[in-house]
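Please read the structure below before turning to the comments.
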Amino acid sequence: MRIVGLSLAVVLGAVISAAPDNASAAASPIVVAVDGDDSAAGTLAQPLRTIQAAVDRAGPGDAIAVRGGTYALVDNITITTSGEASQPISLGAYQGERVVIDGEALPASHTPVGGSIPRAERGAIHQEASYWRVSGLEIINGPYGYYCDGCDGNVFSGLTTRDNYETGFQLQGDSSGNQILGLDSFGNRDPRKNGESADGLGIKEGSGTGNVVRGARLWNNVDDGFDAWKFASPVLIENTIAYGNGVNRWGFPDFAGDGNGFKLGGGTPAPAVGHTVRNSVAFRNAKHGITDNGNPGTLTVSRTTTFRNGGTGFDADTTGARAALTANLSVSDARPAALGANTASSGNSWDIGGTWNDASVLSTDTGPITGARGADGSLPSAPAFLVPRNGAAVGARL
């Protein structure tokens, strides 16, 4: 499957070519290297030493190119300067080199049990700015990996957020029109909460239209793969995979991880929101594949597959909610679906009837979809994975 929309071939390569709106910036990026000097010119021959120094210099239309290596932080990278819609600021790996941003030494990464992380310290990268293009970075061991609050019109592509001490990537606050493309987010956990809140990707605690998640893989996180808790505006999720979430791999006492693949709401009270999920897969999560989590809004879930989840494949039974489930497939889940009185269910595997177990699909081999991405950042192809043997037009196609 190739990711549709903004081409990852454009945004995953050299950050120099990821700033097409400003030819001079593309020709003369601000360059960072592990052996650079923050008093230097910031050129390829004389690079800066820290990403923060480059961020502080950047303005609309500029591009920051980070050379390969590990950047161990002593303070989180803070982005507060916005680009413009016609002149975004770009930040990414130079010509595909591997850039690792390591937040292990940040004090907030080691917040004690029961403690809270101050807002300004959330994220190895903490952004409160708009119109950025951020690509090709690997963010590890942070107090959140990437944290964006009050962010509009950004494109985040080809990021890896792994082994952080809170959610891998979190978007919240008043944030609109953001695209999260090709994210790999895994192994994130929260010792301070014994697994209660560290997700692969959270778009939560805020509002804003036009936010899109496309081509993500969210796996082996302590809480949920995707979490939309208390986000009051619709989010579109497509071509995304969530698996293995909610398992206590870290031996936390009083374990509190939920373990849903896609949590589409929540809160007290939960806002009524019409999130959309299509052509996505949730498998081997500790709890539900997809859950409305108390969201009384009109969810739309189509051509999506759940497989071997510990709870319900499609949990959409909140009182008064008006979910629409169409052409979805549940295979070998503990329970295929839980539907409310107002749920519209059409053409799904449980509507078609019959037995939907491992033998009913061409392949249950997860190897292909958990492998390396394509050179352009697309998900690996898995044309037989969870495809019905009988040719029924239900479920995702990868």
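Values quoted throughout were computed directly from the atomic coordinates according to the rules given, and no laboratory measurement underlies them. Predicted model, so just to flag it, every value in this text is computed and none were measured. Cβ sites come from the backbone with ideal geometry, for glycine too, and all protein chains shown count toward neighbours.
Some notes on this structure:
- Taking only the C-alpha atoms of segment 283-334, the Rg (one decimal) and the largest Cα-Cα distance, Dmax (whole number), read 10.6, 29 Å.
- Helical content of the chain, expressed as a calculated mean residue ellipticity at 222 nm, amounts to -1000 deg cm²/dmol (DSSP H runs of 4 or more residues, -39,500 (n - 2.57) each, divided by residue number, nearest 500).
- D_trans [Stokes-Einstein, Kirkwood Rh over alpha-carbon pairs] for segment 125-238, 4 °C, 1.567 mPa s, µm² s⁻¹: 97
- Share of pairwise Cα separations in segment 54-139, more than 23 Å, in percent: 27
- In the chain, the alpha-carbon atoms span a convex hull of 119 Å³ per residue.
- For the listed peptides 219-230, 241-252, a ranking on the average number of other beta carbons within 10 Å per residue, highest first, reads 219-230, 241-252.
- Relative contact order [Cα under 8 Å, 6+ residues apart], the chain, whole percent: 9
- According to the calculation over all Cα-Cα pairs in segment 189-277, the P(r) per 10 Å bin from zero is 20, 47, 29, 5 %.
- In terms of other Cβ atoms within 10 Å, PHE385, PHE186, PHE255 run from fewest to most in the order PHE255, PHE186, PHE385.
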